1. What dipole magnitude, in Debye to the nearest 20, does the chain give about its Cα centre under +1 on Lys/Arg Cβ and -1 on Asp/Glu Cβ?
2. Summarise the accessible area of segment 1-94 (1.4 Å probe, protein heavy atoms) by the percent that is carbon and sulfur.
3. Collect residues whose amide H, placed 1.01 Å from N in the peptide plane, falls under 5 Å from the amide H of Gln363; neighbours closer than 5 in sequence don't count.
4. Run the numbers on the chain and let me know its relative contact order in percent, using alpha-carbon pairs under 8 Å that are six or more apart.
5. Which of the GluC sites (Glu not before Pro) found in segment 494-567 are loop residues per DSSP with 16 or fewer other Cβ atoms within 10 Å of their Cβ?
6. Output the relative contact order of segment 261-377, whole-number percent, from Cα pairs under 8 angstrom with separation of 6+ residues.
7. I want to check the label-to-label distance for Arg345 and Thr484. Put each point 7 Å from Cα in the C-beta direction and report it in nm to one decimal.
8. Mind ranking 357-365, 192-200 by how tightly packed they are, going by the mean number of other C-beta atoms within 10 angstrom, highest first?
Amino acid sequence: MTSNDAYVLDVLCDHGLITEEQANDARKRAAGEEGSPLDLMLTENIVSEDDVLGTLAGVFGMEFVSLQDFDIPADARDAISAETARRYSVIPVYKTADGLTVALSDPLDFDTLDTLRYLLKLHVEGVVARPKELRALLERYYPAEADVENMLNQISDGAVDVETVPDELVESEDASESDAPIIKLVSLIILEAYRHHASDIHLEPLEKRFRVRYRIDGVLHEVDGPPKRLQSAIISRVKIMAGMKISERRIPQDGRIQVNIQGRELDLRVSTVPANNGESIVMRILDKQNLALGLPKLGFFSDDQQLFERLIGLPDGILLVTGPTGSGKTTTLYACLNHINRPDRKIITVEDPVEYQMSGINQVQVNSTIGMTFPLALRAILRQAPNIVMIGEIRDKETAQIATEASLTGHLVFSTLHTNDAPSAITRLLDIGVKPFLVASSIRAVIAQRLVRSICEHCKEEYEPDEAVIRTLGPAGEPLLGKTLIRGHGCNQCSLTGYSGRKGLFEIFVLNDAIQHMIFEKMAVSEMRQHARELGMRTLREDGVRKVGAGVTTLEEVLRVTMGDSD
């Protein structure tokens, strides 16, 4: 009933509801057995549940309420998601302009109230209710989707169709009719990820449970998972769908699933890794419709978009997109290719792996196990007379040299690097051994990018920001001083986060004659950065500040993904 029975017994003794002898006797009899002294006393009617809850509520200044025949008001019900209500076992009782009152059965559970205040961005107060009544309302208003029968009833056959079925899926006993519930359960996990606009599905075997998490707008969210006993069957089903060896559990495996959900084709890139409690699986959801994104939807303002369109329309040279893993580099590259993909141009890509399959483009998959490396593939495709080449990533000196040489012989080359900002890409290429004259002659521009969550359109509101928070942005934040900004309040449309979708922040570093001369002279990257800023280059943080001012994202998001600018 509570999280600290020893403390509760002391409180009951102090209030004269039980004697010290009764408490000690219950402690002795409960020792070594399941349950607790308090449970024993409740079972034997030494003290009543109402007396315990009412006394504790009074001690902590809370109200003890009855939820018998209680109907949750609509505004209170909308203030908290079903997932949150079930996870923390709370019922919303009533809502005010800036606060929410919730009922919980454990008056000592202060962590839940603190967590809800953080998640809901509301002033949350608690009242105490009987556990049985609270559970009844949870089942009535927030039915437990984690229940297997409920989960299976939510999905019809064919809601998620596997487009490419491996032979093993037809022949394996694991795909027999007796496993139809598991097939539906895996389909539901994929379907729910699609409905929540997730980019990844994480299936993680833990010691006592099987955790399912969705990455939504770059942030992981845990959802109700299936029972631990179904872990092996679910993992086997996913591996069969992805064309993996289900008997191999000792080494990592990679695979791909093509599915059709409600008429929309999705590719799922599947990765398994052996862990302590079973194989951990991550499914990256690749939506082909994202390839049709226009440059404005990536997050470009009109002035940056015009510059970017001019750069990707150049006849030759190298355009690099830099940033850490998960910063949207691949999406930007594919959007570029989609923008310039015309019948009179031959485009070839070399990727590891091929994430999106694009019509009209020749895509080459790197496979190092058979010797099909980036350098070998690049040499081969240059003999195919392409106009445009996209290299998934420049990882070594040989790949970089071939790319630079290709750009100098009339090819437009797109690729990515892992650097913190745009000018640092020059240093990175020099460090891996590319000659300064090749770097200076071939690189046309470097675009650094990060992804920030966009403010939800359904619940955005104006607010007066704290000046101290703005000043943490440094000089870049000065344009925001004294301005009214926008943030998301949190609603059901955005799962109470205040954010929906993501946009890019961009730092476009264009090389001119002066910067080329600096590269020849091996001057410090800080001098190149300073010169570029004098010519009008905006840093990632400055672009973020522009988007905060335009109501695209928030101060907190810009602070989260960008570093301070060097003067």
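The values are calculated or read from the model by the stated rules, or taken from the named source; none is laboratory data. The structure displayed is predicted, hence computed values, not measured ones. Here the Cβ positions follow ideal geometry from the backbone for every residue, glycine too, while neighbour counts run over all protein chains shown. Side chains are part of the model used for accessible areas, which takes the heavy atoms of the whole protein and leaves out ligands, DNA and RNA. Shrake-Rupley method; radii C 1.70, N 1.55, O 1.52, S 1.80 Å.
1. Numbers: 61 positive and 85 negative charges, 560 e Å.
It works out to roughly 2700 debye.
2. 45 percent
3. Sorted by chain and number, the residues that satisfy this are Thr349.
4. Relative contact order, the chain: 9 percent.
5. Qualifying residues, ordered by number: Glu521.
6. Working: 104 pairs, mean separation 20.5, N = 117.
Relative contact order of segment 261-377: 18 percent.
7. Each label point is offset 7 Å from its Cα along the Cβ direction, giving 4.4 nm.
8. 192-200, 357-365
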